[in-house]
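> Pasting a structure below so you can have a look.
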Amino acid sequence: MLSAKSRRLYRRLLELGPVLRDDASGEGVDGDALAELLGYGLVRETGDLLSALPPRTARGQVAMLANQRAREVLQDAVEAEEFLGSCLTREEHLAGDDAPVELIVDRSEIVLLSATLQRRAQREVLSVQTARFPEASTNSIKVVGPIDTDMAAGIRYRVIYAEDLLKSDERREEVEEGVARGEEARIHPQLPLKFKVIDRSTALVPLDEMAEAGALLIRSAPLCGLFVDYFEKLWMESAAAGEAARDRAGAVNAIDMRVLAMLADDASDAAIARRLGFSERSVRRHVSSLSTTLGVQTRTGVVAAAVRKGWLR
């Protein structure tokens, strides 16, 4: 139905005849009313001139437009019904536990799933974070952190963050805020992948850090159990968030300290790697980091310098 402003503007244009568009859209003319008339085809635009269609012609134009819109609405309704039918079929299919693993390829849907699954947690959320989704790729959907009401309900949040994430002041502040709300956070020097497990029965596993290749939605408890076991292994290897933050400001992190202790026992790179579950290359990286921090060149020098600083006794 035409608004009152559109009706008044149409009558005015009928009386004035063709007018310049700038005159018609100038002071005192409602822009929405003009746009509505143009949308209904009651006003014709020829170059810079605007003119109202004669009422008899306009009636036919409105009837034709109404028929067209009715067909579009009907088509939209048919497509919506088919879509909802497919959703119902999918829901019934999943209820039968026939699809324990699903590949999700739309990144925005992955971000939304991550937030939704976390909000639906009843007991526990386990999360491994290696990277943050770029804001531009999430269509303004932001993954939520621990929620105060969830904490009060006894839901346990445990998160392992990649050490590189602490290089961002903003991300470090988010970690600290999460810990302040009750999140149990630890820092790991080298995480191979990111994933999230909800109540040990549902997992979301991006196929790469930014989920550009998609993600696996896993609803199989046995498969989720594998990720829970891996999470617990990473958890034992990680340093508490507060401890890791202090280490970055001063000395070295907890993993470096474990490497240092084994160096003092004259353990080889291979032995340290087996003990920590790392590759020998990762062990060498930690030794190099210790050498740089302590300002020495050799493994023996690392141990001696650590003893002088009181890190080893």
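The values are calculated or read from the model by the stated rules, or taken from the named source; none is laboratory data. What you see is a predicted model; the values in this text were computed from it and never measured. Glycine also receives a Cβ, built like all others from the backbone with ideal geometry; neighbour counts cover every protein chain displayed.
> If you go through region 150-174 one residue at a time, how many are crowded, with 19+ Cβ neighbours inside 10 Å and under 16 Å from the mean Cα position of the chain (by Cα)?
2
> Taking the residues in region 263-313 that are closer than 25 Å to residue 192 by Cβ and among the charged types (D, E, K, R) as candidates, determine which candidate is surrounded by the fewest Cβ atoms within 10 Å (Cβ to Cβ).
Filtering first and then ranking leaves 281.
> Considering only residues that are under 15 Å from the mean Cα position of the chain (by Cα) and among the acidic types (Asp, Glu), which ones fall in region 182-211?
Of everything in region 182-211, those that are under 15 Å from the mean Cα position of the chain (by Cα) and among the acidic types (Asp, Glu) turn out to be 208, 209.
> Between a first residue in region 116-130 that is within 16 Å of residue 192 (Cα to Cα) and a second residue that is acidic (Asp, Glu) and in a loop (DSSP other than H, G, I, E, B), which pairs have beta carbons less than 6 Å apart while being 6 or more apart in sequence or on different chains?
Once the first residue is within 16 Å of residue 192 (Cα to Cα) and sits in region 116-130, its partners that are acidic (Asp, Glu) and in a loop (DSSP other than H, G, I, E, B) give 130/209.
> Quick one: what pairs do we get from region 34-53, first residue free of Cβ contacts under 8 Å to residues at least 24 places away in the same chain, second surrounded by 13 or more Cβ atoms within 10 Å (Cβ to Cβ) and part of a helix (DSSP H, G or I), C-beta under 7 Å, 6+ apart or different chains?
That search, which allows pairs on different chains as well, returns 53/61.
> OK, next. Residues 99, 131, 121: which one is at pLDDT 85 or above and either within 30 Å of residue 188 (Cα to Cα) or not in a helix (DSSP H, G or I) (or both)?
Details: 99 fails: at pLDDT 85 or above; 131 fails: at pLDDT 85 or above.
Answer to the selection: 121.
> Give just the number: which of (1) acidic (Asp, Glu); (2) touching a residue at least 12 places away in the same chain (Cβ under 8 Å); (3) more than 28 Å from residue 273 (Cβ to Cβ) does residue 173 not satisfy?
(2)
> If you don't mind, another one. So residue 211 clears everything in (1) on the phi < 0 side of the Ramachandran plot; (2) hydrophobic (A, V, I, L, M, F, W, C); (3) at pLDDT below 90 except one condition, right? Which one?
Going through the list (1) on the phi < 0 side of the Ramachandran plot; (2) hydrophobic (A, V, I, L, M, F, W, C); (3) at pLDDT below 90, residue 211 breaks only (1).
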